[in-house]
Each structure stands twice: as structure tokens, then as C-alpha cells.
């Protein structure tokens with residue numbers, strides 16, 4: 001009779017441990033879920049504020065860097081982004097979080113266009129090679145350069161990360 005009880009306890013051990021393991025794994029791995037939300041504000045060309053889950057959420061566009069607002073073409077990048085998405089619903093394909101906890105993602109318009117790609121195509125953003133391996137953005141940047149679109153009309157456009165370094169000196 002004791003042998004039967006021991007077997008039952010051994011059989012229950014893996015079953016009772018399973019929920020604990022699932023709980024630990026689900027808290028250890030970040031969950032990045034895509035979502036749709038209404039655009040509240042365009043901060044600059046590559047940063048927007050959305051209304052999501054009854055609160056404001058900052059979204060940084062993935063893989064690109066627009067000129068700073070105070071930089072040449074910065075205002076143009078912000079106006080283009082505003083024209084494309086202000087007051088509209090968009091879908092965010094989340095790829096991660098930035099150091100401040102803001103969302104990093106690809107912003108998809110209702111017609112299926114990807115805002116990140118459109119900004120690079122118009123020559124209003126650099127492909128950020130350090131943050132993205134998306135070769136499609138690199139190809140769009142090369143085409144915009146060849147056609148001298150947007151910031152590529154300038155013979156020596158200064159990327160925002162370089163511009164910020166120069167201003168801090």
C-alpha cells in the first residue's frame with residue numbers, strides 16, 4: 001500500500017511544478033505584441049505619441065533616424081510624418097523597448113504602407129545601420145541619394161547622431 005502512495009506522489013510532482021515553470025518563463029521573457037492605436041501627437045519625424053490601453057505611449061520608429069527638429073530637414077520630416085498619420089489609427093509592429101521604456105516599432109498605415117520606409121524613400125531619414133539590419137531600408141536610402149531627394153539634395157547632410165555630437169562640443 002505504501003508503494004502505491006509513493007508512486008502517486010511522484011506522478012504529481014511534474015504536474016505541480018509545470019505551472020510554476022510557466023510563470024517563471026513568462027515573466028523572464030518580454031512580450032512584444034503588435035497593437036493598433038490612434039495617433040495623438042507627432043513629436044518629430046521619427047517619434048510619435050499614440051493613445052494605447054487608455055494612456056499615451058511614445059513610439060520610436062524602428063531602424064531609421066530623422067534629422068533633429070532644429071536641424072535642416074527636421075521640420076520637413078515632422079510635417080511629412082504629420083501629413084501621413086496625424087489623427088489616424090495606425091498599427092505598430094513592436095520590435096522592442098528603448099532605454100526609457102518607450103516602444104520601438106514599425107508603424108503601418110491603414111493602406112498597408114510602412115511609415116519608416118516612406119520617410120527613407122522620401123529622403124527624410126537615414127537608415128540606422130547600428131539599430132537595424134533591414135537591407136530594404138538601405139536600398140531605399142541608396143535610391144533617395146541617387147535621386148537627391150530630401151536631405152540628399154544637400155551634398156553633405158549631417159546625420160542627427162553626428163549633429164548632436166557637434167552641438168555638445
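Numerical summary
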| read-out | value |
| --- | --- |
| Centre separation in Å (Cα based) which lies between the range 108-136 and the range 140-169 | 15 |
| Stokes-Einstein D for the range 129-169, Kirkwood Rh over Cα pairs, 37 °C, 0.692 mPa s (µm²/s) | 282 |
| Sorted by Cβ density within 10 Å, fewest first, the residues 133, 103, 81 | 133, 103, 81 |
| Net length gained if the chain between residue 95 and residue 147 were fully extended (0.36 nm per residue, minus Cα distance) | 15.7 nm |
| Alpha-carbon spread of the range 35-164, three principal axes, descending order, Å | 45, 29, 26 |
| Estimated distance in nm for a label pair at residue 53 and residue 129, the labels positioned 7 Å out from Cα along Cα-to-Cβ | 3.6 |
| Antiparallel bridges, percent of DSSP beta bridges restricted to the range 35-164 (to nearest 5) | 90 |
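Every number here is computed from the coordinates shown, using simple stated rules; none is lab data. Predicted model, so just to flag it, every value in this text is computed and none were measured. A quick note on method: Cβ atoms are made from the backbone with ideal geometry, for glycine too, and the neighbour counts reach across all protein chains shown.
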